[in-house]
Amino acid sequence: MNLRQLAYFRAVVEHRSLAAAADVLRIAQPNLSTAIKQLESEWGVSLFERSGRGLAVTDTGRALYERAAELLGGASALDQDMRAIGRGFTARLRVGFTQVSLEIITAMVAGLREEGIAVSFSLQQGEPQLLEMMVEERQLDFALTHMPVANSGLGVEALASLNIVLLCREGDDRWQTNGDIKPDALGDVPLILLRRRAGGGIYDRIMTAFATAGVSCSVVADSTDISAIYTLVARNVGLGLLPVHAHDTPRPGFVTYPVALLPAPERLALIYPRGRRQLPAVQRAMDLCRTMLRGS
């Protein structure tokens with residue numbers, strides 16, 4: 001077994017046919033078939049079954065795929081680390097973040113560069129559950145995610161509050177008030193909400209808050225991507241309801257107004273492996289995030 005054979009196997013699983021995988025890998029199909037047969041012969045197992053014109057992965061194949069993906073990911077990260085050191089960097093920081101914390105992460109990267117710290121970065125955007133798993137498995141040095149943090153084995157620091165704002169196009173002055181917008185003012189307004197791919201989150205909290213207030217929430221669209229929400233608002237599809245922290249500023253051409261919706265705000269959280277001695281560059285990166293978000 002070698003990493004190339006595992007990479008070939010992974011491609012076949014993901015593309016569900018030898019021909020499609022061979023095209024992606026840019027190798028001859030017979031060579032790919034030989035590599036798969038070598039793995040099956042070496043272990044005495046069956047990795048695929050014929051299914052019509054394609055291939056169906058067996059239970060054994062699925063188990064191998066999970067381990068192979070993990071191993072290949074680690075090998076790729078190691079290769080990137082060594083190449084970064086070869087280019088003169090002293091370390092490679094792996095940092096995770098949710099969409100809401102993107103501006104903080106980019107400001108942290110810019111801050112370290114301005115300080116002259118010779119590091120390279122691997123930035124991973126993901127949802128809270130994924131980020132917790134990646135930090136636990138040491139695929140990330142730390143991450144900015146949302147409270148509550150389900151994994152009790154991680155170090156957790158609650159940082160900035162997240163409040164709900166109404167995202168509008170610039171010039172839409174209907175929502176200017178002396179205070180926060182109330183839920184009943186949004187009852188007949190087409191709304192666009194941020195939603196996680198899996199698990200509960202801000203979408204569920206917003207829907208519950210509307211129901212508690214006795215107001216019907218008209219959701220015209222939801223998206224896992226904040227950029228998509230901005231585009232939909234720009235096209236006048238509806239208005240966005242977004243969680244933001246105190247340092248967040250709307251993009252050019254947009255304006256936000258505070259909404260009195262959630263009984264208690266969500267909070268961003270810094271998570272990191274407990275009991276692990278971090279590199280000085282990692283500690284400095286975490287300190288910059290704390291400085292920008294703590295107490296805001």
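Considered as a group, the residues in region 122-144 that are in contact with a Ser or Thr (Cβ under 8 Å, 6 or more places away or on another chain) and acidic (Asp, Glu) include one that is surrounded by the fewest Cβ atoms within 10 Å (Cβ to Cβ), and that residue is Glu127. Residue by residue through region 42-59, note down the ones that are part of a loop (DSSP other than H, G, I, E, B) and either touching a residue at least 24 places away in the same chain (Cβ under 8 Å) or within 16 Å of Ala21 (Cα to Cα) (or both). Hits for region 42-59 are Leu47, Arg53. No other residue among Ala264, Ala185, Ala211 is surrounded by fewer than 19 Cβ atoms within 10 Å (Cβ to Cβ) and either modelled with pLDDT of 95 or more or assigned to a loop (DSSP other than H, G, I, E, B) (or both) apart from Ala264.
A Cβ distance below 7 Å, combined with a sequence gap of six or more or placement on separate chains, defines the contacts here; from region 60-77, residues that are more than 18 Å from Trp43 (Cβ to Cβ) reach residues that are assigned to a helix (DSSP H, G or I) in the pairs Ala75/Leu3. Inspection of region 201-208 identifies no residue that is touching a helix residue (DSSP H, G or I) at 6+ places or on another chain (Cβ under 7 Å) and either closer than 26 Å to Glu127 by Cβ or part of a strand (DSSP E or B) (or both). Here Ala269, Ala228, Ala264 are screened, and the one residue that is closer than 28 Å to Asp173 by Cβ and hydrophobic (A, V, I, L, M, F, W, C) is Ala228.
Of everything listed in (1) surrounded by 18 or more Cβ atoms within 10 Å (Cβ to Cβ); (2) more than 30 Å from Ala75 (Cα to Cα); (3) under 16 Å from the mean Cα position of the chain (by Cα), the single unmet condition for Met147 is (1). Residues in region 154-179 that are modelled with pLDDT under 90 and more than 16 Å from Arg205 (Cα to Cα): Ala160, Gly171, Asp172, Asp173, Arg174, Trp175, Gln176, Thr177, Asn178, Gly179. Of everything in region 237-249 that's crowded, with 18+ Cβ neighbours inside 10 Å and in contact with a Leu (Cβ under 8 Å, 6 or more places away or on another chain), which residue is farthest from Leu102 (Cα to Cα)? Of everything passing the filter in region 237-249, Gly238 is farthest from Leu102 (Cα to Cα). All conditions in (1) in a helix (DSSP H, G or I); (2) at pLDDT 85 or above hold for Val95, with the sole exception of (1). Exactly one of (1) crowded, with 16+ Cβ neighbours inside 10 Å; (2) in the same structural domain as Ala150 (by TED's automatic domain parsing); (3) out of contact with any helix residue (DSSP H, G or I) (no Cβ under 8 Å at 6 or more places or on another chain) is unmet by Pro273. Its number? The failed condition is (3).
Residue pairs whose Cβ atoms lie under 9 Å apart, separated by 6 or more positions or on different chains, with the first residue in region 277-293 and outside any helix (DSSP H, G or I) and the second β-branched (Val, Ile, Thr) and surrounded by 19 or more Cβ atoms within 10 Å (Cβ to Cβ), are Leu279/Val119. When Val255 is tested against (1) of a type in the set (A, V, I, L, M); (2) in contact with a Cys (Cβ under 6 Å, 6 or more places away or on another chain); (3) outside any strand (DSSP E or B), just one condition goes unmet, and that condition is (3). Within region 188-208, count every residue that is touching a residue at least 24 places away in the same chain (Cβ under 8 Å), within 15 Å of Leu166 (Cα to Cα) and surrounded by fewer than 18 Cβ atoms within 10 Å (Cβ to Cβ). Final tally of qualifying residues: 3. Scanning region 109-129 for residues that are under 24 Å from Val244 (Cα atoms), out of contact with any strand residue (DSSP E or B) (no Cβ under 8 Å at 6 or more places or on another chain) and in a helix (DSSP H, G or I) returns Ala110, Gly111, Gln129.
The values are calculated or read from the model by the stated rules, or taken from the named source; none is laboratory data. Small disclaimer: the values here were computed from a predicted structure and weren't measured. Counting neighbours? That spans all protein chains shown, and the Cβs are built from the backbone with ideal geometry, glycine included.
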